[in-house]
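Single-structure report; data block below.
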Amino acid sequence: MPKVIYSASKGLYQTSGSGVEIGDVSVVEASEDVTLAAHTAIAAYGNTVIDTTLGEMAGLTLAVNSNVGATKFITMSADGGDATVTLGVTGVRKGGTANLASLLFDDAGDYAQLISDGTKWICISATATEG
Amino acid sequence: MPQVTISSSKGLEQTSGSGFSVSDVELVRSNESITPTGAVYTVTCINEDAHSTTTLLSKSFTIYDQNGASYGIYFDVGATNPGVPGAISATDTKIEVELTAVMTATEVATAIAAAVEAASAEHECVEVAGVVSIYVLDAGAMTTDTEDAGDSEFTVTLVDGSAGDLDADTEASLITIGNDVGTVVLQSVQLADGSSVGQRKNVMFAASSTSATIDVGGNFRGGLLLSSEATKPGLATLVWDGTKWVAQTLINTSVA
């Protein structure tokens with residue numbers, strides 16, 4: 001079986017074994033910047049950085065990710081107004097109750113970290129307000 | 001130094017610099033969904049009539065746990081105390097069922113269910129209309145899948161369980177409880193040790209209507225079992241520290 005390795009010295013190469021190994025560097029996932037007040041759907045994977053300098057964003061939505069174990073990180077970088085992310089499917093709060101409908105970001109630095117079980121998001125950690 | 005970038009427009013490309021980045025596409029991690037089930041014996045009982053040939057006095061049948069240990073179930077009628085019948089192996093866990101001289105199949109089944117539950121931590125019983133469902137609480141295929149009605153004249157059938165181990169090298173596992181009986185209280189699956197320090201493992205438990213507990217056995221900091229209530233969605237995010245799994249986040253789950 002092949003094993004894929006990345007190292008800063010050799011780049012990406014394949015050897016015997018199994019798995020994917022990233023050495024020397026961190027894996028940077030896809031990241032999007034949301035800056036327009038009219039923005040709606042945010043990506044259902046990777047990172048989303050919300051900047052509400054141009055005004056509040058009340059209509060942001062987050063769809064379900066059908067991949068079990070998919071993660072999502074959302075953070076507010078600048079606070080010019082509140083940002084609300086509404087989940088497409090009711091998720092699970094970090095306290096364990098299955099009634100997470102939305103996340104409210106109202107301070108720069110607010111964040112939420114989520115993981116998908118394939119049918120809904122589970123909030124692992126957040127300073128954003130769960131609604 | 002080479003830098004690797006994956007994008008939707010160019011796919012995988014290597015340029016100068018350093019780093020490994022994925023832009024505008026999703027990095028899909030390895031995942032699995034499992035529905036571990038324990039085996040189920042269905043024992044269809046008969047009436048007890050001490051005055052006829054259908055008496056169960058000194059008769060027996062045998063069941064097993066998931067690891068292959070055998071349990072010989074035998075009958076005493078009217079406190080006759082005949083002792084353990086010869087059909088039961090010396091290595092069996094011996095379970096005596098006390099009956100009275102005349103009992104319906106339903107009453108016999110109720111007595112069997114009570115006796116097995118009192119004597120075995122590996123089984124859970126549900127009795128309905130003279131039929132006892134004996135649930136093997138450890139998930140996975142039976143080591144011994146023999147259907148052994150002995151001389152009881154009962155009908156004993158077995159539906160085998162399905163695989164119950166988590167793949168330690170798969171980053172995310174979703175567990176859904178496989179038995180739909182409300183009284184089942186334990187389902188045990190196993191998580192092997194990690195292979196690399198920093199290796200991550202996310203274990204998720206789907207909520208069900210069954211009031212059961214799902215246990216994941218393994219080497220965890222703080223205990224050997226990761227437990228989740230089946231009626232609530234559960235999550236454990238784990239990191240391998242070289243010796244044990246460290247729980248970073250526990251939602252509706254616990255380590256003990």
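Grab the other residues whose beta carbon is less than 12 angstrom from that of A:Val89, score K and R as +1, D and E as -1, and report the net. Walk me through the intermediate numbers first.
On the way: positive: A:Lys120; negative: A:Asp117.
Result for the neighbourhood of A:Val89: 0.
Indicate the gyration tensor shape class of the range B:1-83 (rounded, prolate or oblate), computed on the Cα atoms with a ≥ b ≥ c the square roots of the eigenvalues: a/c under 1.5 is rounded; otherwise a/b larger than b/c is prolate and the rest oblate.
On the way: a/c = 10.40, a/b = 5.22, b/c = 1.99.
Judged from the Cα gyration tensor, the range B:1-83 comes out prolate (a/c at least 1.5, a/b above b/c).
Any idea what the relative contact order of chain A is, in percent, if you count C-alpha pairs under 8 Å spaced at least 6 apart? If you can, show how the numbers build up before the last one.
Values: 346 pairs, mean separation 23.8, N = 131.
Result for chain A is 18 percent.
Could you work out the mean count of beta carbons from other protein chains within 10 Å of each residue's beta carbon in B:16-26? Each step should come with its number before you reach the end.
On the way: counts 1, 1, 7, 8, 13, 7, 7, 6, 5, 5, 9.
Taking the mean over all residues of the peptide, I get 6.
Taking every pair of alpha-carbon atoms in the range B:198-256, give the share separated by more than 18 Å as a whole percent.
27
Largest first and in whole Å, what are the equivalent-ellipsoid semi-axes of chain A based on the Cα gyration tensor, each being the root of 5 times an eigenvalue?
Working: eigenvalues 203, 69, 27 Å².
Ellipsoid semi-axes (Å, largest first): 32, 19, 12.
Normalised by the number of residues in chain B, what is the relative contact order in percent for Cα pairs under 8 Å and 6+ residues apart?
Values: 698 pairs, mean separation 44.5, N = 256.
About 17 percent, as a whole number.
Between A:Leu54 and B:Lys10, how many nm apart are label points set 7 Å from Cα along the C-beta direction?
2.7
Hey, could you grab the Kirkwood Rh for the range A:27-77? Inverse mean 1/r over distinct alpha carbon pairs, Å, one decimal.
11.6
Obtain the nm distance between the two label points defined at A:Val89 and A:Thr40 by a simple spin-label model: each point lies 7 Å from its Cα along the Cα-to-C-beta direction.
Computed distance between label sites A:Val89 and A:Thr40 equals 2.0 nm.
Of A:Lys120/B:Lys244; B:Lys94/B:Lys232; A:Lys10/A:Lys94; B:Lys10/B:Lys232, which sit over 31 Å apart, Cα to Cα? Walk me through the numbers on the way to the answer.
On the way: A:Lys120/B:Lys244 29 Å; B:Lys94/B:Lys232 37 Å; A:Lys10/A:Lys94 41 Å; B:Lys10/B:Lys232 43 Å.
Violating the 31 Å limit, Cα to Cα: B:Lys94/B:Lys232; A:Lys10/A:Lys94; B:Lys10/B:Lys232.
Order these by the 10 Å Cβ neighbour count, fewest first: B:Ser120, B:Ser8.
Details: B:Ser120 20, B:Ser8 11.
Fewest-to-most ranking of B:Ser120, B:Ser8: B:Ser8, B:Ser120.
If the cut-off is a Cα-Cα distance under 17 Å, which aspartates and glutamates reach B:Lys201, setting aside same-chain residues fewer than 8 apart in sequence?
Partners within reach: A:Glu21, A:Asp117, B:Glu32, B:Asp165, B:Asp167, B:Asp169, B:Glu171, B:Asp193, B:Asp215, B:Asp241.
Would you tally the net charge around A:Asp107, using a Cβ to Cβ cut-off of less than 12 Å, leaving A:Asp107 out, and scoring K and R as +1, D and E as -1?
Around A:Asp107, the surrounding residues sum to -4.
Which distance in Å, rounded to a whole number, links the C-alpha centroids of the range A:60-131 and the range B:1-34?
24
In what order do B:Val156, B:Val239, B:Val43, B:Val197 fall by count of nearby beta-carbon atoms within 10 Å, going from fewest to most? Walk me through the numbers on the way to the answer.
On the way: B:Val156 19, B:Val239 16, B:Val43 26, B:Val197 10.
Lowest to highest Cβ neighbour count: B:Val197, B:Val239, B:Val156, B:Val43.
If you find the alpha carbon centre of the range A:3-28 and of the range B:97-164, how far apart are they in angstrom?
53
How much net charge surrounds B:Asp241 when only the other residues with a Cβ under 14 Å from the Cβ of B:Asp241 are counted, with Lys and Arg +1 and Asp and Glu -1? Mind showing how you got there, number by number?
Numbers: positive: B:Arg200, B:Lys201, B:Arg221, B:Lys244; negative: B:Asp193.
Surrounding charge for B:Asp241 is +3.
Measure nothing fancy, just the Cα-based angle from helix B:105-119's long axis to the longest principal axis of chain B, in degrees from 0 to 90, nearest 10.
For B:105-119 against chain B, the angle is about 60 degrees.
What do you get for Rg/Rh over the protein assembly as shown if you use C-alpha atoms and the Kirkwood form of Rh?
On the way: Rg = 27.7 Å, Rh = 24.3 Å.
Here Rg/Rh amounts to 1.14.
Between A:Val27 and A:Ala8, 0.36 nm times their residue separation minus their Cα-Cα distance comes to what?
Working: separation 19, 0.36 × 19 = 6.84 nm, distance 1.23 nm.
Full extension of this stretch gives 5.6 nm more.
Once every Cα of chain B carries one equal point scatterer and solvent is ignored, give the base-10 log of I(q)/I(0) from the Debye formula at q = 0.10, 0.13 Å⁻¹, two decimals.
-0.61, -0.86
We did not get these values from a lab; they are worked out from the coordinates using the rules stated. For clarity, every value in this text was computed on a predicted model and none was experimentally measured. Positions of Cβ are generated from backbone atoms using ideal geometry, with glycine treated the same way; all protein chains shown enter the neighbour counts.
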